[in-house]
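J.: One structure follows; several queries about it will come next.
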Amino acid sequence: MALTEDPRTAPPIRWGILGAGGIAGAFADAVRSSTRAQLVAVGSRDHVRAERFATAHGIPTTHLGYRDLVEDPQVDVVYVATPHSEHREHALLAIAAGKHVLVEKAFTRNAGEAEEVLAAARAAGVFVMEAMWTRFLPHVAALHQVIDSGEIGQIITVQADHGQYFPFDPAHRLYDPALAGGALLDLGVYPVSFAHDLLGVPDEVRAVGRLTETGVDGQIGMALSYGDRAQALLTTTLWAKTPTTAAISGTEGSITVEGSFYAPTSFRVQRRDGRSWVFEQPTERGLQYEAAEVARRVAEGATESPRLTWADTLAVMRTMDEVRAQVGVVYPGE
């Protein structure tokens, strides 16, 4: 079975990290340990935080603030790892400096902001990609191979959940409307993107949800419809740690993806005729695969990834916009 290319075979590239939080640290670890790329600079609004991050991840240059980071001539590509509310601003800053950009998911707060970022990238001729790492993982490549081979027939139902427990704290970014908090953009984006990856753009979106005391979504259930029969049934919540599994059911069989479905994992194929088998591809971390994709596409002069195109990212943002409209979540300034 053909798997994803080894990230260590991707061309070397020089990364600048914009933001010094937890996801930035995980990304830096993956790049440093599992690719040939260099981490050359980090920028943060907090000098002490930047210095600590640089020391922890072996990064030689720190910048106070983000403008100096994006204008650093050492940097080839900027990884934007700030809260969702700031993705548009920071991506545009990097693009204006002529840098390629990898923007943490969710790409922006809404589709309008995403269109603005992509228009700027198109005008500047730079590479931009959403950091939806799931699309580039070995088990997802294997899932597509199984489905494309007809092993489970026509897909009828996709189910996926992503819930994590976060005690209520109005100061936490996930409960703060000003930071585009809520379950959907941070957690629900994974099942939504997974459904889009397997079934494409839905014909119809139905959503029900409950809001937190601060007005962001605490829990959402979504039903996406495709054609005459196919559906995706998706859930996300801030209020419970869910199994984070996925299931793909077709006319000839089904696939059960172990939790966490969006991270490196295994899956079982169970055919209607009784045959079954398991795909197992243990791998550490996983963020190195998206980093390697960026390096390969930049080296070939591309402005987007064929595995996660600009149109793909926009389609996911539009679906999430519709979900938020139905459950009544509006962020300040929208």
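The values are calculated or read from the model by the stated rules, or taken from the named source; none is laboratory data. Model, not experiment: these values are computed from the prediction. We place every Cβ from the backbone using ideal geometry, glycine too, and count neighbours over all the protein chains shown. Side chains are part of the model used for accessible areas, which takes the heavy atoms of the whole protein and leaves out ligands, DNA and RNA. Shrake-Rupley method; radii C 1.70, N 1.55, O 1.52, S 1.80 Å.
J.: Per residue, how large is the accessible surface of segment 17-122? Use a 1.4 angstrom probe and give square angstrom.
T.: 37 Å²
J.: Treat each spin label as a single point 7 Å out from the Cα along the C-beta direction, and report the residue 252 to residue 154 distance in nm.
T.: Between residue 252 and residue 154, the label points sit 1.4 nm apart.
J.: Over all Cα pairs of segment 162-307, how is the pair count split among 10 Å bins, expressed in % and running from 0 up to the last occupied bin?
T.: All Cα pairs considered, the percentages come to 10, 29, 34, 22, 4, 0.
J.: On to the next question. Give me the Kirkwood hydrodynamic radius of segment 1-96, using the inverse of the mean 1/r over all pairs of distinct Cα atoms, in Å to one decimal.
T.: 13.6 Å
J.: Something else about it: Take segment 148-215, drop everything but the C-alpha atoms, weight them equally and run the Debye formula without solvent; then report log10 I(q)/I(0) at 0.21 Å⁻¹ to two decimals.
T.: So the normalised log intensities work out to -0.97.
J.: Treat segment 285-334 as a sphere of radius equal to its Kirkwood radius over Cα pairs and apply Stokes-Einstein at 37 °C in a medium of 0.692 mPa s; give the translational diffusion coefficient in µm²/s, rounded to a whole number.
T.: For these conditions, the coefficient is 248 µm²/s.
J.: Positive end of the dipole of the chain, charges at C-beta (+1 Lys, Arg; -1 Asp, Glu), about the Cα centre: which of 18, 279, 146 has its Cα farthest in that direction?
T.: 279
J.: Now for a separate question. Ignoring ligands, DNA and RNA, what percent of the 1.4 Å accessible area of the chain is carbon and sulfur?
T.: 48 percent
J.: Here is a further query. Give me P(r) over segment 151-190, computed from all C-alpha to C-alpha distances, binned every 10 Å, as integer percentages.
T.: Distribution as computed: 24, 39, 18, 12, 7 percent.
J.: Next up: Taking only protein heavy atoms and a 1.4 Å probe, what accessible area per residue, in Å², does segment 207-334 have with all protein chains in place?
T.: With all protein chains present, segment 207-334 gives 45 Å² per residue.
J.: Another question about this same structure. Debye calculation, C-alpha points only, no solvent: report log10 I(q)/I(0) for segment 185-243 at q = 0.18, 0.22, 0.31 Å⁻¹, in the same order as the q values.
T.: -0.63, -0.87, -1.32
J.: Shifting gears a bit: When the chain is fully extended, how far beyond the present Cα-Cα distance does residue 211 get from residue 48, taking 0.36 nm per residue of separation?
T.: Additional length available on full extension: 55.1 nm.
J.: Please work out, to two decimal places, the log10 of the ratio I(q)/I(0) at q = 0.10, 0.13 Å⁻¹ from a Debye calculation in which every Cα of the chain carries one identical scatterer.
T.: -0.58, -0.99
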